[in-house]
Structure formats: structure tokens, C-alpha cells
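Read through the structure below, which is laid out as C-alpha cells, and then see the notes.
The values are calculated or read from the model by the stated rules, or taken from the named source; none is laboratory data. The model shown is predicted, which means the values in this text are computed figures rather than measured ones. Quick reminder, even Gly has a Cβ in these numbers, built from the backbone with ideal geometry, and neighbours come from all protein chains shown.
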């Protein structure tokens, strides 16, 4: 390697160290600020949840009993053929959306997302794309950790707000079931249910749910966050540690991405300069070679 190449490598190392240090400093500053706020509210948050837990537990039990009590009644009213008709109707409308999406792709074409595609024969995303994919994954992890921390900080209020939404949904479902709209009531009661792992149909609370792309949290059976937990499981420290680790990881991934983007920018500039000066560089190279023929000592 030439002196210039060695110095260039050393420069890149220094840039990376400076870049990492800048991101670490920013992450540390954010962690200190957020933890300072949490220290002031953690104890109060736990006490509030402990005090509210008995009432929240009773309200949760009542809402769960509503679903388990009404669902069999609706299935009896609709009869097996009616239940199947409801499922077929929902599936038909969802399938129509999927078919139209396929038609749109057929006309418009499809370019894979460089952050997600990993098949080399489909898409080469390169080092920058790889780094961007890692940032995208870290952002999802951080978002989940942020949500969890916000939930545990205000768990009593959060669970109470969820119960309020569920009660409003319950009132709508009840009204529909009492006014000759059992099919719609059945859909609203089952939509949004998500099974935890594989279960036998007879033990699966979501066995009557027809999957749709609708947001689960907008429906009675999908309103599950924030979860009601026992007071002793109210782990603010665990949520904070997960949040801090996720943010640090995200900042690390962003630092790597920035470094790769800067490297790409510099390389593109070099390529642009070489392309623009190609004619001049050819003239100089050939002239130097020709001079060597005339003067062998050169």
C-alpha cells in the first residue's frame, strides 16, 4: 500500500472513533435525562398501581366474562351455517383486497425494500443497505421497549383507559346483538383476537376469528395492552434496562450506518472525479509512457 493509502486508512479509523464517541455521548445524555425523570416517579407509580389493582382486576374479569358469555349465545343465534357465512363473507372481502394488490403489482411492478430483502439474486443492498436493515430492526425493538416503559410508568391509568375502550366496544356489541345484528356483533367480538402459540381449536379462544389486516387494537378482543399484571410483577427497573439497551443498540446501529453513508459519499465523489477526468488522465498516462520510450532512464 502507498503512503496515501495508509494515511487514508488511519483517517477513516479516526473518523469512526469520533463518530462512535459522538453517538455514545448523545446516548448517555439521553439516558441520564430519562432516568432522572423515572427516579422521581417510579415509587409513586408502583404505589398507585398497587392501590388500583383490586378494582382493575374486577373490571378485567367482568370484561372477559362478557366475551366468554356472549360468544356462545351469538353462535347459537347464527347457527353453524350462519357462523360459516360470516366467516366466508369476511374472507371474501379480504381476498378481494389481496387480489387487487396482486393486480396493482402486476401493472406497476415491484422493487424489493433494500432494508428487508436478503436474496442476492433479487436485490443487492450492499453494506449501506445492510446497515440500514439493522437500523430498521433496532428501531422496531426500541419502539417496543419505549411502549413497554411508558406502560409500566403509568400502568394504572393505562389499564383503566383500556378498560374504558373495551366498555365502549362492549356496549356497541351488546346493542347490535339485541337489535337483530348478530352477524356484525359476532364479527366485532371475534375480530382482533390473537392466539398465543399453537393451540387445539377447542382450546383456542381465537378459533372463531377470521384473519384480516385490520388493526387488532381497534376491536374488543384485541384490546390487550397494557396488560393487567400482578403488583409484584410491576417491573419498572426491567423495563428501563430493556429501554436503555434498545436505545444504545439503536444509536450504535445508526453510527455504523452514518459511517457507511459517509464512506459511500466519499467513494462516489472519487468515482465522479475519475469519470470527469478520464480523458485528461489517459492523456497524462500515455504521455508518461511515451516519454519512457524516448528516455529509458525515466
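Across region 268-290, not a single residue is classified as over 27 Å from residue 129 (Cα atoms), in contact (Cβ under 8 Å) with a residue 12 or more places away in the chain and surrounded by 11 or more Cβ atoms within 10 Å (Cβ to Cβ).
Screening residue 268 against (1) within 29 Å of the chain's Cα centre (by Cα); (2) more than 30 Å from residue 97 (Cβ to Cβ); (3) part of a helix (DSSP H, G or I) leaves a single unmet condition, (1).
Here residue 150 meets the list (1) in contact with a helix residue (DSSP H, G or I) (Cβ under 7 Å, 6 or more places away or on another chain); (2) closer than 19 Å to residue 235 by Cβ; (3) at pLDDT below 95 almost entirely, failing just condition (1).
Determine which single condition residue 229 fails, assuming it passes every other condition in (1) over 20 Å from the mean Cα position of the chain (by Cα); (2) at pLDDT below 95; (3) part of a loop (DSSP other than H, G, I, E, B). Looking at each condition in turn, residue 229 falls short on (2). Entry remark, region 196-220: residues being closer than 17 Å to residue 84 by Cβ, in contact (Cβ under 8 Å) with a residue 40 or more places away in the chain and touching a helix residue (DSSP H, G or I) at 6+ places or on another chain (Cβ under 6 Å) number 3 in total.
Here's the yes/no breakdown for (1) surrounded by 15 or more Cβ atoms within 10 Å (Cβ to Cβ); (2) part of a helix (DSSP H, G or I); (3) in contact with a helix residue (DSSP H, G or I) (Cβ under 6 Å, 6 or more places away or on another chain); (4) modelled with pLDDT under 85:
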site: 5; (1), (2), (3), (4): no, yes, no, yes
site: 20; (1), (2), (3), (4): yes, yes, yes, yes
site: 32; (1), (2), (3), (4): no, yes, no, yes
site: 55; (1), (2), (3), (4): no, yes, no, no
site: 63; (1), (2), (3), (4): yes, yes, yes, no
